[in-house]
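Encoded as structure tokens, the structure appears first; notes follow it.
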Amino acid sequence: MAPTAGTQELAAALDRRDDASLAALLEARPDLATPAPSSLTSLAARAASRPSVERALAGLNAVELAVAETVTALAPLDRADREAVSRAVGLDAGPALARLEDLALTVDAAPLAGLPEALGPHPAGLGPTLAELDASFEQDGPPAPTDAESLRAVLDGAPSTAVRTLEALTWGPPVGTTAQHVPEGADWLLTHGVLRRLSPTQLVLPREVGLAARDGRTWREPPRPPEPDYRSVPATVVDAEGARAGEEVVRLVGALLATWREEPAKILRAGGVGVRELRRTAGALDVEEHQAAVLAELAGMAGLLGQDGDDQPVWVPARSAHDWADDTLPLQWAQLALAWFDSARAPWLVGTRENDALRSVLEPTLERGWAVELRRRVLDALAEIPAGHSPTPEQVHELLAWQRPRATAPESTVAAVLEEAALLGLTGAGALTSAGRELLASRREDAVAEAFAGQLPEPVGELLVQGDLTGVVPGRPEPDLGALLERCAEVESRGSGLTVRFTPASVRRALDAGMGADELLAQLAEYSRTPLPQALEYLVRDAARRHGQVRVGAAQAYLTVADEALGAELVANPSLASLSLTALAPTVLVSGAAPADVLRVLRQAGLGPVPEGANGVMAVPARRRPGAVPTHPGAAVSTYTRRPDPEDLGRTIARMRAGEEQVRRDVECRSVEGPVATDPVHALELLRTSAAAGEEVEIVVVGALGTTERRRVRPLSVDGGRVRVADLDREVELTVAVHRITSVATPSTA
């Protein structure tokens, strides 16, 4: 059999396939269909190119990759039939060989020409064949022992150094570098034909000898799927933890939007949000900075953020954020989960460096095309693990490495994706939740939201207020109760229940939002199953009595106080020196600071100031309305997830078959041998093949003025988009840009 299959052999094999088989090939190797090939020969040339072969290899599992390397290693020795490959690998290679044939990586068990290039010079850790070595370097010495019996006979009585050297080279790498003096053991092996010279300073174990030393095996042990010992977790625990995490992430995203609505996040010149802004946001949400980064990225992925401002652009909630805030909790979560699943963003890169520059949150350069596929693969791997079992990140990485050895992200990246899935609530206790499985199965927002709603416990509309000013909700609070407590209390703990504490600052927050003391107490009493404790009533009324004693207006800025003593106290207070307060009247003060800064400094000093409108009435701060700006790029459906459309594939296959018929007619009309290459990839492949073989070809070149010229040439080299050729009719050498060559053909020898 031939060592490799060329473009013409593959084109003939593709021509024998039916349309369904060709469509399956284009779906499995989508790079072959973009742009659409003009003929089956062009498709074959593209499929045989090294970049396309490497993409196909990235989708093979460990067994298929081992079989591909074994076929590549055995084909030059005429041993690549199913039985020989199975013996070499140590398992039945039939299914893997069929898979390689379906992917057009082999043709009738012969590896495609691009396969040895993609796998490297030492497939399965084996060296070059004796034929290759004899052709490239003049060899001296006895014939090489090419079977186990003759090798054992040669090694009988060999020095221990020679045996150790052979053992070191047997399972690869098969090449050893020597200095001027060849070591004793290597010299003995060289003298007895076991080793050959690869170069003046390199010795190599020939492929046939290596296989003899391995007793015909290409791998020490046949590749087998991992069988880790997973931790057992009840399904109810998985869904409960996932629901709790999902509810929390929705709350935190909403809090981030509220924080950036009141004080937008400034955008750095290079894009993204700086470290200070991230630290401020993390403090406002009471989370770690890396978690705040993921939350901001989630909001961007879901299209909840937009840009505002001209001189100083800032991130603010987009108009879609208002609709999202009005949705139910399950729908809010489903939008976040689906946006994350389809996003090419890589939040785990925040804080790392690129060219000595720190990567920041919402930075445009955080997109990675493989992130979409990695998220899908990670969740698919979790779905394959039996229900009730929870893997560690190391075990998930091991499973992914088995599925695709040549296309698996580092363990730290897989762990980062798992951490994001846990933050979202797609996993609970390390296992995939019911909602996570529904996301993989349907990808429909309503179905995912319904699955998540099924995980949530029944909401509780009951508040137990205690005398120490703490309150407990024995379960998940109803939305209205949760919003009320977020406004007037500090959360102390979340979990199976919610514990809050009422403080002067939290009560002032509710009063700042426009609630009165009676209204606040009435709403709390509505949810309380017992009368409100007297201490809470005293707290609320005392805060209300003190609230509004200082009013801040927009005169850059002015303050009105309840009495002259308070005005004098404010002016003399050293902690307010940054406001530069001046008394215009005993009860009227002015400041050079902005009203927002005056409010912030006074509140930090423990006072209860309120903003005042132009009519002297307390003004409730209006919610900032986002401008008409585009949402974050991560909100769009990622182009990386596109797959060929079945109808488009049908039209492409029809055009390729018609193009193949045209190629045959061109061959007959132009008296040329083989195909006429008009596809750029096919033309390059023919030029490289002809240059390596020293064969002449006929090319059609487009000149500077658009005229075409036919030349009979012998390609000398193809490099960097240019081909150097010898013009056989004019007896000159010239260099032609490849894009100026419209067709390449092999002239007929008849």
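The values are calculated or read from the model by the stated rules, or taken from the named source; none is laboratory data. What you see is a predicted model, and the numbers here were worked out from it, not measured in a lab. Reconstructed Cβ throughout: ideal geometry from the backbone, glycine too, with neighbour counts over all protein chains shown.
Does any residue of the range 85-104 turn out to be assigned to a loop (DSSP other than H, G, I, E, B), crowded, with 24+ Cβ neighbours inside 10 Å and not β-branched (Val, Ile, Thr)? It would help to see each step written out before you state the result.
Taking the range 85-104 and keeping what is assigned to a loop (DSSP other than H, G, I, E, B), we get 90-93, 103-104.
Subset that is crowded, with 24+ Cβ neighbours inside 10 Å: 93, 104.
Next cut, not β-branched (Val, Ile, Thr) only: 93, 104.
Scanning the range 85-104 turns up at least one residue that is assigned to a loop (DSSP other than H, G, I, E, B), crowded, with 24+ Cβ neighbours inside 10 Å and not β-branched (Val, Ile, Thr).
So that you can scan it fast, the table gives a plain yes or no per residue for (1) surrounded by fewer than 21 Cβ atoms within 10 Å (Cβ to Cβ); (2) in the same structural domain as GLU248 (by TED's automatic domain parsing); (3) without any contact (Cβ under 8 Å) to a residue 60 or more places away in the chain; (4) touching a Gly at 6+ places or on another chain (Cβ under 7 Å):
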position: THR281; (1), (2), (3), (4): no, yes, yes, no
position: ALA302; (1), (2), (3), (4): no, yes, no, no
position: LEU305; (1), (2), (3), (4): no, yes, no, no
position: PRO313; (1), (2), (3), (4): yes, yes, yes, no
position: VAL316; (1), (2), (3), (4): no, yes, no, yes
position: ARG319; (1), (2), (3), (4): yes, yes, no, no
position: ASP327; (1), (2), (3), (4): yes, yes, yes, no
position: GLN332; (1), (2), (3), (4): no, yes, no, no
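So in the range 43-77, with the set limited to residues that are of a type in the set (Ser, Thr, Tyr) and closer than 28 Å to ALA683 by Cβ, which one is surrounded by the most Cβ atoms within 10 Å (Cβ to Cβ)? It would help to see each step written out before you state the result.
Taking the range 43-77 and keeping what is of a type in the set (Ser, Thr, Tyr), we get 49, 52, 70, 72.
From what is left, the residues that are closer than 28 Å to ALA683 by Cβ are 49, 52, 72.
Working: SER49: 24, SER52: 21, THR72: 27.
Result: THR72.
May I ask you to say which residue of ALA510, ALA525, ALA505 is assigned by TED's automatic domain parsing to the domain that holds ASP480, in a helix (DSSP H, G or I) and either of a type in the set (D, E, K, R) or surrounded by 18 or more Cβ atoms within 10 Å (Cβ to Cβ) (or both)? First the steps, then the outcome.
On the way: ALA525 fails: either of a type in the set (D, E, K, R) or surrounded by 18 or more Cβ atoms within 10 Å (Cβ to Cβ) (or both); ALA505 fails: either of a type in the set (D, E, K, R) or surrounded by 18 or more Cβ atoms within 10 Å (Cβ to Cβ) (or both).
Within the list ALA510, ALA525, ALA505, the selection yields ALA510.
For every residue, the table says whether it meets (1) surrounded by fewer than 15 Cβ atoms within 10 Å (Cβ to Cβ); (2) charged (D, E, K, R); (3) in the same structural domain as ALA293 (by TED's automatic domain parsing); (4) assigned to a strand (DSSP E or B).
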residue: ARG224; (1), (2), (3), (4): yes, yes, no, no
residue: GLU227; (1), (2), (3), (4): yes, yes, no, no
residue: VAL238; (1), (2), (3), (4): no, no, yes, no
residue: GLY242; (1), (2), (3), (4): no, no, yes, no
residue: GLY246; (1), (2), (3), (4): no, no, yes, no
residue: ARG251; (1), (2), (3), (4): no, yes, yes, no
residue: ALA255; (1), (2), (3), (4): no, no, yes, no
residue: ARG276; (1), (2), (3), (4): yes, yes, yes, no
_I need every pair where a residue in the range 180-198 that is of a type in the set (Gly, Ala, Ser) has its Cβ under 6 Å from the Cβ of a residue that is modelled with pLDDT of 90 or more and not in a helix (DSSP H, G or I), sequence separation at least 6 or different chains._
ALA186/LEU203; GLY193/ALA144
_Out of ALA23, ALA80, ALA36, I need the residue that is part of a helix (DSSP H, G or I), surrounded by 18 or more Cβ atoms within 10 Å (Cβ to Cβ) and either of a type outside the set (Val, Ile, Thr) or touching a Gly at 6+ places or on another chain (Cβ under 6 Å) (or both). Which one?_
ALA23
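Within the range 416-437, is there a residue that is part of a helix (DSSP H, G or I) and over 23 Å from ALA334 (Cα atoms)? Working first, answer last.
Taking the range 416-437 first, the residues part of a helix (DSSP H, G or I) are 416-424, 434-437.
So of that shortlist, the ones also over 23 Å from ALA334 (Cα atoms) come out as none.
No.
Based on what the data block shows, is ALA13 touching a strand residue (DSSP E or B) at 6+ places or on another chain (Cβ under 8 Å), part of a helix (DSSP H, G or I) and either surrounded by fewer than 17 Cβ atoms within 10 Å (Cβ to Cβ) or in contact (Cβ under 8 Å) with a residue 60 or more places away in the chain (or both)? Please lay out each step first, then the result.
On the way: touching a strand residue (DSSP E or B) at 6+ places or on another chain (Cβ under 8 Å): yes; part of a helix (DSSP H, G or I): yes; either surrounded by fewer than 17 Cβ atoms within 10 Å (Cβ to Cβ) or in contact (Cβ under 8 Å) with a residue 60 or more places away in the chain (or both): yes.
Yes.
Yes/no per residue for (1) closer than 21 Å to GLU54 by Cα; (2) outside the structural domain of LEU203 (by TED's automatic domain parsing); (3) of a type in the set (Gly, Ala, Ser):
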| residue | (1), (2), (3) |
| --- | --- |
| SER86 | no, yes, yes |
| ASP92 | no, yes, no |
| ALA98 | yes, yes, yes |
| ASP102 | yes, yes, no |
| LEU105 | yes, yes, no |
| PRO116 | yes, yes, no |
| ASP134 | no, no, no |
*Given the residues THR530, THR560, which is the only one that is surrounded by fewer than 20 Cβ atoms within 10 Å (Cβ to Cβ), within 25 Å of PRO595 (Cα to Cα) and touching a residue at least 40 places away in the same chain (Cβ under 8 Å)?*
THR560
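Inspect all residues belonging to the range 197-210 and state whether any of them is in contact with a Phe, Trp or Tyr (Cβ under 6 Å, 6 or more places away or on another chain) and assigned by TED's automatic domain parsing to the domain that holds ARG152.
Residues of the range 197-210 in contact with a Phe, Trp or Tyr (Cβ under 6 Å, 6 or more places away or on another chain): 197.
With the extra rule that they be assigned by TED's automatic domain parsing to the domain that holds ARG152, the set shrinks to 197.
Checked the range 197-210: at least one residue is in contact with a Phe, Trp or Tyr (Cβ under 6 Å, 6 or more places away or on another chain) and assigned by TED's automatic domain parsing to the domain that holds ARG152.
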*Say whether the condition of being surrounded by 15 or more Cβ atoms within 10 Å (Cβ to Cβ) and under 25 Å from the mean Cα position of the chain (by Cα) is met by at least one residue in the range 449-469.*
yes
*Which of the residues belonging to the range 347-369 are within 15 Å of SER412 (Cα to Cα) and touching a residue at least 60 places away in the same chain (Cβ under 8 Å)?*
PRO347, TRP348, VAL350, GLY351
*Name the helices (runs of 4 or more DSSP H) wholly inside the range 105-213 in which the number of residues that are among the aliphatic types (A, V, I, L, M), within 30 Å of LEU684 (Cβ to Cβ) and within 43 Å of the chain's Cα centre (by Cα) is 3 or more.*
114-119
_Within the range 545-602, considering residues that are at pLDDT below 85 and polar (S, T, N, Q), the one farthest from GLU263 (Cα to Cα)_ = GLN549
